[in-house]
Structures are given as structure tokens and as C-alpha cells.
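Novice: One structure is given below, represented as C-alpha cells, and several questions about it will come after.
Only the coordinates and a few stated rules stand behind these numbers; no lab work does. The model shown is predicted, which means the values in this text are computed figures rather than measured ones. Neighbour counts run over all protein chains shown; Cβ positions are idealised from the backbone, glycine included.
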Amino acid sequence: MLDDRKTAILRAVVQEYIGTGQPVGSSHIANAHEINVSSATVRHEMAFLEQEGFLAQPHTSAGRIPTDQGYRFFVDHLSQPGQLDDLKVSQVRDFFNGAHGRMEELLARTSHLVAGLTNYASVVVGPKVERAEVRSVQVVGLSARQAMVVAVMSNGAVESEHLEFDTEIPESRLLAATVHLRQAMMGHGLSGSNDISSSGDEGVDDICRRAMLALSHVGADDSVYVGGAASMASAFDAVDVVRQVLQTLEQQYLVVTLVRDILDRGLSVSIGAEHGIEPLASCSVVVSPVVVDGQQMGTVGVLGPTRMDYRQALATVAVVSDRLGRRLGEG
């Protein structure tokens, strides 16, 4: 455990490096921060912090920079996360007050909101459709032999699947199929058994079976939306690092696994090599669960360099995930 003076010096180095991106010298810490000791004492303490793995010296004549261990200590000993300024709070409030339409559009736009607030890449994971219940279902004719089944879910998602038939289907039969599907599906999820009781009309039963089979394949995967990936290009000096990060963000399964693992470990911040994902070794991930009626229904997160502004990142994902949870709860 570090004593108060070492903790203060480490905190000062981390804050300075996050702000400037340049190695931090002992004289600068002694003069610019309220450490109240000489630069020689700061230099001695920084050497100790380096020996213990909290700081590193990239070059012999350079100052120090935080290691992943140093960032972890800094995050774990934050007295409280930062606060969004009034302008950003208003931006979040206005966004959700004006949010309408399909859930997919809301989640996609939320990812861009978070990216704009933080200047980091954002990740928004929405609820699986299979966890939601059907609120309404309808079979709509597109042509004589084509139709579309549309299901409105309790989480705000609208799912639709295309249906094709070998013979012409009269509008009256589509209406009858809609009535029968509503009786069978409303209040239930899309996954599970495709069995449905007979309506007494073989043609209607065939439409219903086709519709339920088409919808049963929907929603098995988490919906993942990534925003602000282009902003990562300015966050790293090495082009190959940027390329690796962007390629990783394109792998939906890997992103979902990453944020889920962080939350499962009881963390809100994962730093550098802690992810266990080599291409993201230079990144930190900050996440906050989206909770609706006491259940986790998704995640809001940001991904940026390890020298990210953790206070602001934590504050942003906390505010946005809270508002998103309330919005999803309203349906």
C-alpha cells in the first residue's frame, strides 16, 4: 500500500500525463502540484514508484509515464467519478427527450452520442430480442404471393421477416392469420416452440407456421453498435495499433464478450492487458450496465487509449446508461 505522499505524486503524474501525453518530470510535479516537497524528494518517490511497477521511464533522460498498474491504482482510488458539465448534461437530456422510433435506431444514435461526448470509440450493447415479449404482431400483404410478418416487442424493437408462398394468398386469409398469431404470440417471446393450435383453416395455419418459424430465428444475438471508431485514429501514434483496434471493434462477438466479462468481474474499468485481448493491450474500456426494472438489459461503454480521461468517461457512461435504461423502460 502506498503512503499518502506517494499516492499524491502518482495521482499527479497520471493526471498530468492524461492531459499532455508527455513524460512527466519530477521538477514539474514539485512546482505544478500541491505536493509541498522538493523536486529531489519527488524524484526519489518517483523512482520508488517505478521500481514497484506504477511508473515507467520510456527513455533514460525522460520523465515518467504511468503503467497499467499505475492507471489501475489511480482508478481504484478515485474519490468519486467526474461530473458532466451542464452543457453535456443538457445534450444528453435533449437527446433522450427527443428519441423516438425503433429501438435499433435509438441504440445506434446513442453510440454516436457517447462518442461525441467523449471523443473515444463507443460501444452500446442492446438487449436480446429473445428476452422480450411480443406486444403486437401482424401479417401484411406485399403482393399476391408475398407478405411480411411484423412483430413489435416489449423492449421497443420492431422485427420483420419476409414470407413467400407458392400460391396467391387472399387478404382475408392474411387478416385471419394475424388474429390467430396475436392470440398465440402476444405476451410470449419469439424463441421456443413453433407449435400453434389449429385455427380450423389449413391455409391460415400454414401462414402462421411460416411466420412463427421466420420470427423464431430473430434475436438470438446481442445487438451491438459502435460509434466514433474513426476518432481512434487520433488517439494513438502508431498506425498499426489503430488498425488492430479498428479490426477488433468490427468483431461483434468479441466486443460483446469483452464488455460482458468486465461486468461479470464486478468492474467498470478494464485497463490494458487486463482484457486478455492482445489487439486492445493499449486500450482501456469503461462500461456501465443498462438496467430496466432491476434487470440488466444492455451496456454502454467507451474504448480509448489507456491515458483516457477516466473521470469523464465514467461520468458519461453512467449518465447515458441511466437515461437509456429509463427510455427502454418506457417502451
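Novice: What is the chain's relative contact order, in percent, from Cα pairs under 8 angstrom and six or more apart in sequence? Show your work: numbers first, answer last.
Specialist: Values: 550 pairs, mean separation 61.2, N = 331.
Computed over the chain, the figure is 18 percent.
Novice: With a sphere of radius 14 Å drawn around the Cβ of residue 87, what net charge do the other residues whose Cβ falls strictly inside it have (Lys, Arg +1; Asp, Glu -1)? If you can, show how the numbers build up before the last one.
Specialist: Details: positive: 88, 93; negative: 85, 86, 94.
Local charge sum for residue 87: -1.
Novice: Another one. What does the helix-only formula give at 222 nm for the chain: each DSSP H stretch with n ≥ 4 adding -39500 (n - 2.57), the total divided by the residues, and the result rounded to the nearest 500 deg cm²/dmol?
Specialist: -14500 deg cm²/dmol
Novice: Find which of 185, 196, 163 sits farthest along the positive direction of the dipole of segment 130-216, computed with +1 on the beta-carbon of Lys and Arg, -1 on that of Asp and Glu, about the Cα centre.
Specialist: 185
Novice: Which one, 33, 112, 275, has the greatest fluctuation when you compute a Gaussian network model over the chain with C-alpha springs under 10 angstrom?
Specialist: Its mean-square fluctuation being the largest, the pick is 33.
Novice: Moving to a separate point now. In a GNM of the chain with a 10 Å cut-off on Cα contacts, which of 123, 259, 139 has the highest mean-square fluctuation?
Specialist: 139
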